[in-house]
1. Just a yes or no: is a residue in the stretch 325-344 closer than 29 Å to residue 502 by Cβ and in contact with a strand residue (DSSP E or B) (Cβ under 9 Å, 6 or more places away or on another chain)?
2. Quick one: how many residues across the stretch 532-544 are open to solvent by less than 40 Å² (accessible area, probe 1.4 Å) and either hydroxyl-bearing (Ser, Thr, Tyr) or touching a residue at least 40 places away in the same chain (Cβ under 8 Å) (or both)?
3. Just checking, how many residues over the stretch 494-530 are open to solvent by 40 Å² or more (accessible area, probe 1.4 Å) and in contact with a helix residue (DSSP H, G or I) (Cβ under 8 Å, 6 or more places away or on another chain)?
4. Is it fair to say residue 427 is within 23 Å of residue 158 (Cα to Cα) and open to solvent by less than 10 Å² (accessible area, probe 1.4 Å)?
5. Among 267, 208, 213, which is the only one that is within 17 Å of residue 323 (Cα to Cα), open to solvent by 10 Å² or more (accessible area, probe 1.4 Å) and either touching a helix residue (DSSP H, G or I) at 6+ places or on another chain (Cβ under 7 Å) or not β-branched (Val, Ile, Thr) (or both)?
6. Scanning the stretch 235-252 for residues that are within 18 Å of residue 203 (Cα to Cα) and surrounded by 16 or more Cβ atoms within 10 Å (Cβ to Cβ), which turns out farthest from the chain's Cα centre (by Cα)?
7. Filter the stretch 120-150 down to residues that are open to solvent by 10 Å² or more (accessible area, probe 1.4 Å) and not basic (Lys, Arg) and give me whichever is modelled with the lowest pLDDT.
8. Could you list all residues from the stretch 424-446 that are part of a loop (DSSP other than H, G, I, E, B) and either touching a strand residue (DSSP E or B) at 6+ places or on another chain (Cβ under 8 Å) or under 21 Å from residue 392 (Cα atoms) (or both)?
Amino acid sequence: MRSDLVKKGSTRAAHRSCFYALGFSDEDMRKPLIAVVNAQSEIIPGHSHLDDQAKMVKYGILAAGGVPVEVPAIGVCDGIVMGHEGMKYSLVSRELVADSIEALVIGHAFDGMVLIPNCDKIVPGMLMAALRINIPAVVCSGGPMLPGRLNGKDISISTAFEAAGQFEAGKINKEELTCVEKAACPGCGSCAGLFTANTMNCLSEVLGLALPGNGTIPAAYQGERARLAKKCGETVVRMVKEQMLPRDFVTLNSFKNAITVDMAIGGSSNTALHLPAIAHEAGIKLPLELFDKISKKTPYLTFLSPGGFHHMTDLNEAGGISAVMHELANKGLIIKSCKTVTGKTIGALIKDAEIRRPDVIRTCDNPYRASGGIAVLKGNLAPSCSVVKASAVAEEMLVHTGPARVFNSEEDAIKAICSKKINSGDIIVIRYEGPKGGPGFREMLNPTSVLAGMGLDKEVALLTDGRFSGATRGACIGHISPEAVEGGPIALVEEGDIIEIDIPKRTLNLKVSEKELEKRRAKWKCPPPKVKHGYLARYAALVSSAAEGAIVRAPGEE
């Protein structure tokens, strides 16, 4: 066992003293040492209950003959950091999560680990750690939040963000706004729609690193989640005994399956950042072209919030991710030979799955759309890439041409929107918010939600070298690369320029001649960095482009 490095031999007498100080018995010293990496926090609603999950995981580990040792992981709540300087720390925390787990787990020579995330960047950060460290590992999320209820309807946090726009437009009063904000998030769990957290928790199942139900069993279903957590603890001990390592079964085909399911359920556009970053840790290249290739042949089968009206509880009732994969497999769209932490193949796991609510999961013969939820656009405005959650775009905005309204920060754009300076047909351009320029690649949920609340999401598009929350809906195109701070074409756009968006044709073009762009390029000067010290400055110096998943590489690392 790896843990013998710190438990056996005369030179480890002091090490053993530390274990004895922790209450270890001589018998414990002969058992597998399992890290229970718990991201519990009192600042993230999705993480507030994770101590309960960790306790059940530990029961499972003990029952299977291992020794659980709980260690911490940090987390940033996207709902709370949204719309201000704090959002610069959201994506960058993904790297901190992965790095800190690497330090804890390798430093203490654990034999295996159960990773307990739930929200936003914590999930991909832990998945990155699993493949980087490559010891037996199982992901055990905390589950989605139940939707809130207001006036007989299900609502979620995206409803609260959009209510701000309704208030600014005079559509609701202060009392109505307060009712929405108090009802939107009824308790623990990752926010109720198919936002980034729930998307990644579902894709953890598809990658084979989590047990079936990981992404869809609600946090409030305590008994069911407890059983799942105990099973995770038992599973990791078996994996240690069999030396079943993540990189042995998480392959390129596993990622192809994950992208396919992502497209079928209309997951967050942030997966175009996270899946390449996770794959990078396993030495697998995942170009954005692969996302688009798979999207074109994958039917869109669900209509989940924010683009639709169902929530994660509905998906769970409908049969969960296993039912989605079973339906896709019927059309040959799932590679069934991929292995999972269960020791079984994907094909074996989904063999008996079925769609229990056809109103929630449609068949491949009757999809909401013939192609998948995410589209990758290119053109002279986005030579490398741009990404849009096509499943959350209204039909009338899939093709749109309009004048550019240019802003050099999210804050400036919000002021213009709230001051009612944006007109129907406009295309808002927010730049200098990319991985390097932000720095930190902020999500733009505030401006998109205000637009939606004002009823402009079917009339106004928004383009940015930043990114969008999984809760965003509308013609919102992000990840434009190269970003403005690198001199990308988005830096050259001027007020009133005509921009042409064609999502079905996968194009994004600025209707300005190359000769004119060259003149502008000659005059352009890179602005000074917004942050010159601390973690964000180091991040900006090392981070790759959005087209590569905003991966942080050491100097010289490929």
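1. In the first step, residues of the stretch 325-344 are kept if they are closer than 29 Å to residue 502 by Cβ; the result is 328, 331, 333.
In the following step, the residues that additionally are in contact with a strand residue (DSSP E or B) (Cβ under 9 Å, 6 or more places away or on another chain) were identified as none.
No: zero hits.
2. 6
3. Count: 6.
4. On the way: within 23 Å of residue 158 (Cα to Cα): yes; open to solvent by less than 10 Å² (accessible area, probe 1.4 Å): yes.
The answer is yes for residue 427.
5. Details: 267 fails: open to solvent by 10 Å² or more (accessible area, probe 1.4 Å); 208 fails: open to solvent by 10 Å² or more (accessible area, probe 1.4 Å).
The unique qualifying residue is 213.
6. Here the residue is 249.
7. The selected residue is 120.
8. Across the stretch 424-446, the qualifying residues are 424, 425, 426, 431, 433, 434, 435, 436, 439, 441, 442, 444.
The values are calculated or read from the model by the stated rules, or taken from the named source; none is laboratory data. As the structure is a computational prediction, the values presented were derived from the model and not from experiment. Counting neighbours? That spans all protein chains shown, and the Cβs are built from the backbone with ideal geometry, glycine included. Surface areas here come from the heavy atoms of the whole protein model, side chains and all, with no ligands, DNA or RNA. Shrake-Rupley method; radii C 1.70, N 1.55, O 1.52, S 1.80 Å.
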